[in-house]
Amino acid sequence: MKIVLLSLSAFFTITFVNAQQVQERLDQQPAPVTQQQVERDAKVADDVRKKDDADKKKQEAEAKKKEEEKKAVAKSEDKSKKTSTTPGKQ
C-alpha cells in the first residue's frame with residue numbers, strides 16, 4: 001500500500017511540475033501583436049519620418065543661407081581690398 005501511495009504521490013508531483021513549467025513558458029511569451037498596434041506604430045513612424053524630413057530641409061535651407069551670406073561678405077571684402085602691388089602706393 002505504501003508503494004502505491006508513493007508512486008501516486010510521485011506521479012502527481014511530476015505532473016504538477018511539468019504543468020507548472022508549461023505555464024511558465026507560456027507566460028514568458030510576448031503578447032500577440034494586434035492589427036491596431038501595427039497601424040498605430042506605422043502612423044507614429046510616418047510622423048517621425050515627416051518631422052525628420054522637415055527638420056533636414058530646414059537645416060539645409062539655413063546652411064545654404066549662411067553660405068550665401070558668406071559669399072556676399074567675401075565679395076564685399078574683395079571690393080574693399082587694395083589692389084596695388086607696389087609698396088607705398090596703397
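Key figures
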item: Residue check, T13 of a type in the set (S, T, N, Q), in a loop (DSSP other than H, G, I, E, B) and either at pLDDT 90 or above or open to solvent by 80 Å² or more (accessible area, probe 1.4 Å) (or both); result: no
item: Options K51, K58: the member that is open to solvent by 80 Å² or more (accessible area, probe 1.4 Å) and over 16 Å from the mean Cα position of the chain (by Cα); result: K58
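The values are calculated or read from the model by the stated rules, or taken from the named source; none is laboratory data. Because the structure is predicted, anything quoted here is derived from the model rather than measured. We work out accessible area using only protein heavy atoms, side chains counted, and drop any ligands, DNA or RNA first. Shrake-Rupley method; radii C 1.70, N 1.55, O 1.52, S 1.80 Å.
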